[in-house]
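Okay, so here's the structure we're looking at.
The values are calculated or read from the model by the stated rules, or taken from the named source; none is laboratory data. Note that the structure is predicted; figures quoted are calculated from it, not measured. In this analysis, Cβ positions are derived from the backbone assuming ideal geometry, glycine residues included, and neighbour counts consider all displayed protein chains.
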Amino acid sequence: MKKAPMYTRYAREYERAIEDNIYNARFERPSLLSMLPDVAGKSVLDLGCGPGVYAEILLQRGAEVTAVDASSEMVARVKEKFGSRIKTYIQDVSEGLPQEADFSHDLVICPLAVHYIKELAPLFQEIYRVLKHDGTFLFSTHHPMMDFQSSPSGNYFRRELVTETWDTIGNPVDVQFYRRSLTELFGSITEAGLYISNFSEGIPDKMIEEVSPADYQRLSKLPTFMFIECKKNN
């Protein structure tokens, strides 16, 4: 998995940007957290942890948190902020989860990260392995209808590496991610032995309308992210 400059070279700028921006802080985060189960006393694996926004929330809610990211800069931020209260380490999750034992976590979360991974089935199989029998996998990702607008081929069913320029940090930064069909995504889930137990496309908070009516209208009318809860087929 190639590490985008926004999460390495511009890690601190990214951390500041997502504190209170529209798409991360006011849309993605509330939508995913609304699906989060009770984590008090639970073991939670945070994949693609970034600067530790979710890790902090999980810690505040009483979870035992392990935070993992491919970016050494992001892992350094988590260590700096939380010290020994959170276990964190560098790992390209597209290569598996070799440091995690079988049946070791009650919950695995992966916010806005799976679209950076080319082959999802191996990762989902690893998540199945580390989840307890009654565990939950909760993740968010790009909606294929949004990504299809950037398709180089115009073939919805072809997995494609897409390059876009984002201004998340206030400066234009090129970001690459994989565009894939729902058929491929859902097939990777079931191939791993998981099933979808809850699904959402997010509901924009009215507070977004006060800050940016244009973004609110866009999020109200066009799908942007998906929020998917999975369970194990035991």
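Kindly check whether there is at least one residue in region 70-81 that is over 27 Å from GLU164 (Cβ atoms), in contact with a helix residue (DSSP H, G or I) (Cβ under 9 Å, 6 or more places away or on another chain) and not polar (S, T, N, Q).
yes
Among the residues of region 211-234 satisfying the criterion of being within 26 Å of THR183 (Cα to Cα) and polar (S, T, N, Q), which is surrounded by the most Cβ atoms within 10 Å (Cβ to Cβ)?
THR224
Do any helices (runs of 4 or more DSSP H) entirely within region 8-64 hold 2 or more residues that are modelled with pLDDT of 95 or more and more than 16 Å from the chain's Cα centre (by Cα), and if so, which?
Fully inside region 8-64 and qualifying: 53-60.
Here is a list: LEU131, LEU219, LEU161. Which entry is among the aliphatic types (A, V, I, L, M) and under 22 Å from VAL68 (Cα atoms)?
LEU131
THR190 versus (1) hydroxyl-bearing (Ser, Thr, Tyr); (2) at pLDDT 95 or above; (3) in contact with a Phe, Trp or Tyr (Cβ under 7 Å, 6 or more places away or on another chain); (4) not in a strand (DSSP E or B): which is the lone unmet condition?
Unmet condition: (3).
Restricting attention to region 168-187, which residues are aliphatic (A, V, I, L, M) and modelled with pLDDT under 95?
Taking region 168-187 as the starting set, the residues that turn out to be aliphatic (A, V, I, L, M) are 169, 173, 175, 182, 185.
Result: ILE169, VAL173, VAL175.
State whether the residues of region 171-188 include one that is out of contact with any helix residue (DSSP H, G or I) (no Cβ under 9 Å at 6 or more places or on another chain) and over 23 Å from LEU36 (Cβ atoms).
Initially, region 171-188 is screened for residues out of contact with any helix residue (DSSP H, G or I) (no Cβ under 9 Å at 6 or more places or on another chain), giving 172, 183, 186.
From what is left, the residues that are over 23 Å from LEU36 (Cβ atoms) are 172, 183.
Yes, region 171-188 contains a residue that is out of contact with any helix residue (DSSP H, G or I) (no Cβ under 9 Å at 6 or more places or on another chain) and over 23 Å from LEU36 (Cβ atoms).
Restricting to region 7-49, name every residue that is in contact with a Leu (Cβ under 8 Å, 6 or more places away or on another chain) and over 21 Å from GLY202 (Cα atoms).
VAL39, LYS42, SER43, VAL44, LEU45
Out of region 194-210, which residues are in contact (Cβ under 8 Å) with a residue 40 or more places away in the chain, surrounded by 14 or more Cβ atoms within 10 Å (Cβ to Cβ) and more than 20 Å from the chain's Cα centre (by Cα)?
ILE208
What single numbered condition from (1) buried (at least 19 other Cβ atoms within 10 Å of the Cβ); (2) over 25 Å from ASP174 (Cα atoms); (3) of a type in the set (Val, Ile, Thr) fails to hold for ILE57?
Here ILE57 clears every test but (1).
Just to confirm my filter: which helices (runs of 4 or more DSSP H) fall fully inside region 66-184 and include at least 2 residues that are buried (at least 20 other Cβ atoms within 10 Å of the Cβ) and in contact with a strand residue (DSSP E or B) (Cβ under 6 Å, 6 or more places away or on another chain)?
Correct list: 72-82, 120-130.
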